[in-house]
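**Q** The structure is given below, and queries will be raised subsequently.
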Amino acid sequence: MPRCHHLSALRRTAAMLAAAAFTTALAQDPRGLFVAPANGGAGAGTHPAVRFRIELDHNGRGEPVASNHVFRSGDRFRFLFELNSSCYVYIVNRSVQGDPAAMGALTGTRGINVVNQAPRGNAPVASGLQLLWPQPGGAARVPGSQAHTIPGPSQFFEFDANPGMEKIALLISPYAVDPGIYFPALGRRARPSTPGPRLDTNEEVLAQLDDLGSADSNTTTDPGVSRGICVGDCSQYSAPKNPARPFILTVDLMHAR
């Protein structure tokens with residue numbers, strides 16, 4: 001009997017390792033994961049993924065451009081995102097003024113929480129963090145297979161006369177979180193005053209343990225470009241390595257004069 005139990009445990013361990021390897025392999029192909037529900041392929045409906053695209057205003061019509069496109073003052077843009085399954089989405093934006101060529105340390109997710117600073121020589125200057133999604137009065141939970149446009153289907157953001165970088169980050173989670181845990185500049189959400197010790201929800205406890213860095217390390221992204229040229233419609237695709245935890249897609253838009 002002990003031998004049978006030993007073999008059973010080995011089989012369970014092997015199955016768990018195989019499942020983990022399969023999930024990791026799936027996460028290495030975020031584009032494949034995104035289209036899987038429509039095609040009924042592996043991972044369909046079980047592994048979240050997001051598609052994200054930047055569009056440049058061309059006579060009132062959105063024209064897809066690569067995220068590494070260099071924008072000029074006066075250019076107008078918007079962005080689209082779509083999930084393959086329902087998730088909670090939090091989108092933040094931060095503008096950083098200065099020489100785009102000197103902003104290497106602020107690129108990627110690590111730069112979204114930079115501290116506001118007064119101008120010092122040629123050092124980049126960051127604006128406050130702005131929550132773009134959920135929009136006022138809106139819900140963070142977003143259904144799958146529905147494209148959303150920010151700031152709106154017929155609206156665009158416009159680059160001002162100050163060169164720099166626009167940072168856009170999409171935090172995507174299978175459960176609701178307080179975005180202020182990941183982006184401290186937003187502040188924590190007010191909680192009703194109750195007697196006794198504060199009791200955070202399970203989701204909030206998870207979020208506090210899972211900081212922005214771990215969400216970033218949980219992310220695999222297909223940049224949507226090859227050798228600087230758009231692939232297809234220039235869309236980027238991201239997916240989590242662990243579908244039970246939050247992941248984040250960060251896009252840096254460079255703005256020259």
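**Q** Restricting the search to the stretch 212-251, which residues are of a type in the set (Gly, Ala, Ser), more than 10 Å from the chain's Cα centre (by Cα) and within 14 Å of residue 108 (Cβ to Cβ)? Write out each step before concluding.
**A** Here is the first cut: in the stretch 212-251, the ones of a type in the set (Gly, Ala, Ser) are 213-215, 217, 224, 226, 228, 232, 235, 238-239, 244.
Subsequent filtering for residues that are more than 10 Å from the chain's Cα centre (by Cα) retains 213-214, 217, 224, 226, 228, 232, 235, 244.
Scanning the stretch 212-251 gives 213, 217.
**Q** Looking at (1) over 16 Å from residue 234 (Cβ atoms); (2) at pLDDT 85 or above; (3) not in a strand (DSSP E or B); (4) not small (Gly, Ala, Ser), find the lone condition where residue 89 falls short.
**A** So the condition that residue 89 fails would be (3).
**Q** So, of the residues in the stretch 104-123 that are surrounded by 10 or more Cβ atoms within 10 Å (Cβ to Cβ) and farther than 29 Å from residue 152 by Cα, which turns out to be modelled with the highest pLDDT?
**A** So the first thing to find is which residues in the stretch 104-123 are surrounded by 10 or more Cβ atoms within 10 Å (Cβ to Cβ), and the list is 105-114, 116-117, 119, 123.
If we keep only those that are farther than 29 Å from residue 152 by Cα too, we end up with 105, 117, 119, 123.
Details: 105: 81, 117: 46, 119: 47, 123: 64.
Within the stretch 104-123, the match that is modelled with the highest pLDDT is 105.
The values are calculated or read from the model by the stated rules, or taken from the named source; none is laboratory data. Predicted model only: the values in this text are computed from it and were never measured. Cβ sites come from the backbone with ideal geometry, for glycine too, and all protein chains shown count toward neighbours.
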